[in-house]
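Encoded as structure tokens, the structure appears first; notes follow it.
The values are calculated or read from the model by the stated rules, or taken from the named source; none is laboratory data. Since this is a predicted model, take the numbers as computed values, not measurements. Cβ: placed from backbone, ideal geometry, glycine included. Neighbour counts: every protein chain shown. All accessible areas refer to the heavy atoms of the entire protein, side chains included, with ligands and DNA or RNA removed. Shrake-Rupley method; radii C 1.70, N 1.55, O 1.52, S 1.80 Å.
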Amino acid sequence: MSTAAPSPMHAQVEKLLKVAVDNGATELRLSGGVAPMLRINDQLRPLKTRPIPTEEVAAMAEAIMPPQADPAKFFFTGNGGRYVGSLIDNSGTKVLVLRPTSEPEPEPTNFMADAPLELDIQKEDKGVALPPDASGETQIVQPKVATGTIQIDKLLTAAVKSGVSDIHITAGLPPVFRVDGHMKPQPTKVLTPDDTNGLMKAITPERCQAELAEKGGSDFGFAFGDMARFRVSVFKQRGSVAMVLRQIPNKMLTPEQLGVPEVCKKMVTRPRGLFLVTGPTGSGKSTTLASLIDFINKNYDHHIITIEDPIEFYHYSQKSTVNQREIGNDVPSFSEALRRALRQDPDVILVGELRDLETIEAAISAAETGHVVFGTLHTSSAQGTVNRIIDAFPTNQQEQVRTQLSTAIIGVVSQALIPKIGGGRCAAYEILVVTPAIGNLIRENKTFRINSAIQTGAKLGMQLLDDHLFKLWNEKKIREEDALAKAQSVDDLAKRIANAKRGVYDDESAHKDEH
């Protein structure tokens, strides 16, 4: 820390922070052209003082911001404790927001490990422009040889060491890493179309390169030595090649390590039925399913068939026998693989995605005929999942499907991934265990009552997503704004959190830890 006297601007911020502390404010907001404002009891209240010019706001931010700090989020210690600050440019008006925090200051991230990432693709071979295709457009310039192997190795090594979930490769940008849900461009060269092409060719199988040329995109999985596996999507954008690589950890985590509720293990070891894991893209559905398949593999002598596009986690037969089939490589479609699976003496079938009516029909039939079927959908609640499956069918079949589903479905887990305080992410789960009473609601088209049935089914291990978000916030694992961003009913959860801050808890949160 410098021992020099603080600058006038720094002193001015300190003075305003003292006023904020004295008034019990949770935020000090300095916006160009208006008087300073304090957030008290969730309301912004202006101080009775002169408006601050926008250049003065910028000067105040500069006075308190550490060198090389990110203006979007920086930390400093001032009057009354530690603060997290952000400087926002709102159409030319500077806005400085300061909030008290107990969040630890992150270690400076060094994605580049020992040296800067070297991604320069060899320039010796410029490649050959292919003749125009049927549309008359010249196709992408493709290098004759796959350069860039060493460079992609460095990129993947940096990503694995830094716990990156996704790598984005796009011409006109440096590589961008997604870390704990946030996109972070890397301090390295901006990639050219030749660079992205070379990086693509270094890892993409010929079958997928042909699909990219023909259809404009392809998906595949590949192993990066013993370090990790990646699920890769290559596609064309603005006439050049782009890629997104999602890291699939090599180390399989147990359901307990992931925080998957205990009741899920009971549901997946039932003799038959449909078990669905749902949530938006990137919410950890594949990881949850893989951990449950691994649990069965280690503890039960079953035959497990997985149908995936592409194969993500590799399962090696332990107590169970495991066969993994990849769409496009081993079998043409999900529905075809499911039909064939019924003749392969399975006990457990994992369907990577219930993406069309044919696949949903086949999955329900397989569940009815005495198999446990795991599937995923991109729905965000248990109630919404049941409705989505029924709505996939034509109107004249929906009544029959309700009856089938009411007996076939054993449970739904809807999940969301939330940044944790202090780094990393944790999952929030909504759990529906289908009891005879809930089966009746599905059969009688009363799915709107499922949420209240979940609330009264806590003893069976059921919980609503918003209840779990509240619990995680109450245990100081996640921030309020992150909980609200994933909530099903934002207003209700916000009200509940506001009440809890005042020490008023509703009935449910009093017995949150019963299970």
(message) As a test question: what accessible area, to the nearest 10 Å², does K319 have when a 1.4 Å probe is rolled over all protein chains in place?
(response) 120
(message) Can you tell me the length gained on complete extension of the stretch K420 to F222, counting 0.36 nm per residue apart and subtracting the Cα distance?
(response) 68.4 nm
(request) In whole Hz, with x marking every Gly and Pro, tabulate ³J(HN,Hα) for segment 21-30 from phi via Karplus 6.51 cos²θ - 1.76 cosθ + 1.60, θ = phi - 60°. (result) 5, 4, 9, x, 6, 9, 7, 10, 10, 10
(request) Amide H neighbours of Q488 under 5 Å, at least 5 residues apart or on other chains, H built in the peptide plane: list them. (result) D466
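For T192 and D180 in the same chain, what is the full-extension length gain: residue separation times 0.36 nm, less their Cα-Cα distance, in nm?
Values: separation 12, 0.36 × 12 = 4.32 nm, distance 2.71 nm.
Going from the current span to full extension adds 1.6 nm.
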(message) Checking a compactness column here: for the chain, what do you get for Rg(Cα) / (2.2 N^0.38 Å), N being the number of residues?
(response) 1.14
(request) Using Cα centres only, tell me the gap between segment 320-378 and segment 235-263 in whole Å. (result) 21
(request) Quick one: dipole size for the chain, taken about the Cα centre, charges +1 on Lys/Arg Cβ and -1 on Asp/Glu Cβ, in debye to the nearest 20. (result) 980
(message) Over segment 215-266, with the other protein chains present, what is the accessible area per residue in square angstrom, probe 1.4 angstrom?
(response) 49
(request) Specify whether the C-alpha gyration tensor of segment 407-480 places it in the rounded, prolate or oblate class, a ≥ b ≥ c being the square roots of the eigenvalues: rounded for a/c under 1.5, otherwise prolate if a/b is larger than b/c and oblate if not. (result) prolate
(request) Go through K201/K251; K73/K476; K184/K495; K184/K215 and tell me which ones have a Cα-Cα distance over 25 Å in this structure. (result) K201/K251; K184/K495; K184/K215
(request) Give the residue from A11, V263, V348 lying farthest towards the positive end of the charge dipole for the chain; charges sit on Cβ (+1 for Lys and Arg, -1 for Asp and Glu) and the dipole is referred to the Cα centre. (result) A11
(message) Along the Cα→Cβ direction, 7 angstrom out, place labels at K501 and S7. What is the inter-label distance in nm?
(response) 3.2
(message) Apply the Karplus curve 6.51 cos²θ - 1.76 cosθ + 1.60, θ = phi - 60°, to the phi angles in segment 308-323 and return the couplings in whole Hz, x for Gly and Pro.
(response) 9, 9, x, 5, 9, 7, 8, 10, 9, 3, 10, 6, 8, 9, 10, 10
(message) Suppose the chain between R443 and L460 were pulled fully straight at 0.36 nm per residue; how much longer would it get relative to their current alpha carbon spacing?
(response) 4.0 nm
(message) How large a share of the accessible area of the chain, in percent, is made up of carbon and sulfur atoms when the probe is 1.4 Å and the other protein chains stay in place?
(response) 51
(request) Report the calculated FRET efficiency for N41 and N387 (r = Cβ-Cβ distance, R0 = 51 Å), to the nearest 0.05. (result) 0.85
(message) Using a Förster radius of 45 Å, what is the FRET efficiency between E256 and E27 based on their Cβ-Cβ separation? Nearest 0.05, please.
(response) 0.75
(message) At 37 °C and a viscosity of 0.692 mPa s, what translational diffusion coefficient does Stokes-Einstein give for segment 321-384, taking Rh as the Kirkwood radius over Cα pairs? Give it in µm²/s as a whole number.
(response) 268
